[in-house]
Structures are given as structure tokens and as C-alpha cells.
Amino acid sequence: MLGTEFLAIGDLILVEVLQGFSNGKDFTTAKSLLSSLFVVDLCGETLALEAANNYRFLRNSGITVRKTIDTIIATRCIVSSIPLLHNDRDFEPFVTHFGLRSIC
């Protein structure tokens with residue numbers, strides 16, 4: 001998709017990816033490559049409240065999302081109509097219940 005589609009990465013995802021590199025050279029290479037993507041601010045008060053409501057709805061429906069970050073990512077994508085490229089089953093309830101557009 002690089003070079004043919006508009007691609008973005010969430011600021012918190014950028015942190016998660018880059019903090020995993022122990023080797024400085026690998027970190028620098030990854031940072032350079034990821035810098036070509038548009039960086040989306042994932043949260044803020046309004047989105048945090050919406051994400052909390054989404055989490056609570058799912059929990060009350062008997063669905064537990066394992067990571068708060070996944071709830072934030074899904075909610076940002078839903079609110080901003082951004083399709084999400086993922087390989088994580090925790091996003092599927094957001095597809096089913098909130099209309100998250102998924103690219104898998």
C-alpha cells in the first residue's frame with residue numbers, strides 16, 4: 001500500500017512500535033521509514049470519553065477488549081472514518097457494533 005494509498009499511523013502506535021527497538025540503528029531506520037506516514041493524534045478529552053463509552057457498551061454486551069489502546073485506536077478510526085489495517089481480534093467487536101471499517 002505504500003506509495004499507492006494514503007497511510008497514517010497513530011501517535012501512540014508510533015510509540016509502541018519504536019519503543020520495541022533495542023538496537024539504535026534499527027530504531028533509526030524504523031523511525032525514518034515511519035516518518036513518511038501521516039501521524040494522527042489518537043486521543044484527547046472528547047475522544048477519551050467516546051472510547052470509554054464504546055468500551056463500556058462492549059463490556060455490558062459481554063465483550064472484553066484486552067487493551068485500552070485498542071479501544072482508543074478503534075474509536076479514533078470510527079470517529080474520523082479511517083479504515084484500520086490490523087491483525088487483532090480485539091477490533092472485530094468495533095466492526096460489528098460500531099461500524100469500524102477494517103482492512104485485513
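The values are calculated or read from the model by the stated rules, or taken from the named source; none is laboratory data. This structure is a prediction, so every number in the text was calculated from the model and none was measured. All Cβ positions, even for glycine, are placed from backbone atoms using ideal geometry, and neighbour counts span all protein chains on display.
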| task | Could you tell me whether any residue of the range 66-82 is farther than 28 Å from Thr4 by Cα, out of contact with any Leu (no Cβ under 7 Å at 6 or more places or on another chain), of a type outside the set (Ser, Thr, Tyr) and exposed (fewer than 14 other Cβ atoms within 10 Å of the Cβ)? | result | yes
| message | Restricting to the range 46-84, name every residue that is in contact with a Ser or Thr (Cβ under 9 Å, 6 or more places away or on another chain) and of a type in the set (Asp, Glu). | response | Glu50
| query | For the range 83-101, what are the residues that are part of a helix (DSSP H, G or I), surrounded by fewer than 19 Cβ atoms within 10 Å (Cβ to Cβ) and in contact (Cβ under 8 Å) with a residue 12 or more places away in the chain? | reply | Asp90, His97, Phe98
| Long-range neighbours under 7 Å by Cβ, at least six apart or interchain, first residue outside the structural domain of Leu49 (by TED's automatic domain parsing) and closer than 18 Å to Ile9 by Cβ within the range 64-76, second of a type in the set (A, V, I, L, M) and assigned to a helix (DSSP H, G or I) | none
| request: Could you please let me know if Leu33 is in a helix (DSSP H, G or I), surrounded by 10 or more Cβ atoms within 10 Å (Cβ to Cβ) and assigned by TED's automatic domain parsing to the domain that holds Leu7? | output: yes
| said: Quick check on my filter: what residues within the range 51-64 are of a type outside the set (Phe, Trp, Tyr), surrounded by fewer than 19 Cβ atoms within 10 Å (Cβ to Cβ) and modelled with pLDDT of 95 or more? | reply: Ala52, Asn53, Arg56, Arg59, Asn60, Ser61, Gly62, Ile63
